[in-house]
1. Where in the range 90-205 are there strands (runs of 3 or more DSSP E), lying wholly inside it, with at least 1 residues that are within 22 Å of the chain's Cα centre (by Cα)?
2. For residues that are more than 19 Å from MET227 (Cβ to Cβ) and not hydroxyl-bearing (Ser, Thr, Tyr), tally how many sit in the range 309-330.
3. Taking LEU375 as the residue in question, decide whether it is in contact with a Pro (Cβ under 8 Å, 6 or more places away or on another chain) and assigned to a helix (DSSP H, G or I).
4. For the range 86-138: of the residues being touching a Ser or Thr at 6+ places or on another chain (Cβ under 9 Å) and among the hydroxyl-bearing types (Ser, Thr, Tyr), which is surrounded by the most Cβ atoms within 10 Å (Cβ to Cβ)?
5. Quick check on my filter: what residues within the range 142-180 are surrounded by fewer than 24 Cβ atoms within 10 Å (Cβ to Cβ) and among the small types (Gly, Ala, Ser)?
6. Does MET222 count as buried (at least 24 other Cβ atoms within 10 Å of the Cβ) and under 13 Å from the mean Cα position of the chain (by Cα)?
7. Go over the candidates LYS342, LYS335 one by one and state the one that is over 20 Å from TYR148 (Cα atoms) and part of a loop (DSSP other than H, G, I, E, B).
8. Residues to consider are LYS338, LYS376; find the one that is closer than 16 Å to VAL252 by Cβ and surrounded by fewer than 21 Cβ atoms within 10 Å (Cβ to Cβ).
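The values are calculated or read from the model by the stated rules, or taken from the named source; none is laboratory data. Please read all numbers here as calculations on a predicted model, not as lab measurements. Every residue, glycine as well, gets a Cβ built from its backbone with ideal geometry; the counts of neighbours run over all protein chains shown.
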Amino acid sequence: MWIMVVWTAGCTLAPSDETLHEPAAPLIQIRPASPAVPALSPQALILASTSTPARTPPPAATPTPAPTASPTFSPTPTLHPMSIAAMRLGSYPGSDIVLEQTLDPGSNYQRYIASYRSEGLMIYGLLTFPQAEMPAGGWPAIVFNHGYIPPDEYRTTERYVAYVDALAKSGYVVFRIDYRGHDRSEGVARGAYGDPGYTVDVLNAAAALRRLPQVNPQRIGMWGHSMGGFLTLRAMVIDPQIRAGVIWAGVVASYPDMATRWRRGSGGPTPTPPAGARRWRGEWTTLYGSPEQNPAFWNSLSANSFLKDLSGPLQLHHGGADDTVPLEFSVDLAKQVKEAGKTAELHVYASDNHNLSESFSLAMYRTIAFFDQYLKDAP
């Protein structure tokens, strides 16, 4: 049980995350006070002492004030679809991976457009294989979870090119998946925070990699940036077979903190969410109450509430000048992982931005060393 915190000074991407909405102001229910019991009059005492008792007349009724209006919420489902418990009950078998198109190779690895099935949808992605002798048991593999890119602008072979290249040429099978509704992937892009679809695609990608004869099924890790970090953390408390995870500038706060502490800086306009994205914060506050009114509901959705079940070590990277996702999200998660008795490393790049543009080489060096330790070299 340990945690490492490292502060350093500090392909350009511009990922951001779904639009959030301010929660409704909490309402307070006021219960009216009970009326006081009146004292008996002398006449009533005399009547009570005669041989034929007479019933004391009841006191005059005191008007009951109308109660203050209180919020009425729909009953919280036993298992909300976004709850960790509900997702653990799901089935994520993946499928055989099909190589759809051969791309130009990298420096020491092959590149393909590949597909697999997730909830019956055809999901595509960029798949790499090392050009070297395969180790006994197969190659270690990484599911690569990209950050928010408007789905209608996303392309399989664009952006994150340097990130995939660094991992692929270090001896890993890398599967950078296109979530549903992105590029050629089937389905509707509903966003990550209010709909389980992207998480399901990530879990099925890990299962699909385990089917590949070139991959060691015991050595599957995940890498995620921004929104992809949110997906990585959720996957690691749902699927116990994910060996290790690395998250850059991740949206890794609990749902209560996401709802109340996520404020945007000056990094440009907040993107309009895709048409199918659920505006989760406003909807859930209306239906179930705010995090203060109904903490059990909001905590049931949060991977942070289940860190004792984290499937492997985490490495976190965050820029001190990130104006898209607060640094505090990663700092708090590192503390929470330690308190849960699990392993986390936290690397903070004091002057760097959301994409770690200034510190890319150092952050990637640390990322590969971490995966080497927990995926490639570990027994």
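1. Filter on the range 90-205 gives 109-118, 121-130, 139-145, 173-177.
2. Applying the first criterion (more than 19 Å from MET227 (Cβ to Cβ)) to the range 309-330 yields 309-313, 320-321.
Cutting the leftovers down to not hydroxyl-bearing (Ser, Thr, Tyr) gives us 309-310, 312-313, 320-321.
Matching residues across the range 309-330 total 6.
3. yes
4. SER118
5. Correct list: ALA162, ALA166, SER170, GLY171.
6. Against the criterion (buried (at least 24 other Cβ atoms within 10 Å of the Cβ) and under 13 Å from the mean Cα position of the chain (by Cα)), MET222 does not qualify.
7. Testing whether each residue is over 20 Å from TYR148 (Cα atoms) and part of a loop (DSSP other than H, G, I, E, B) leaves just LYS342.
8. Working: LYS376 fails: closer than 16 Å to VAL252 by Cβ.
Exactly one residue qualifies, and that residue is LYS338.
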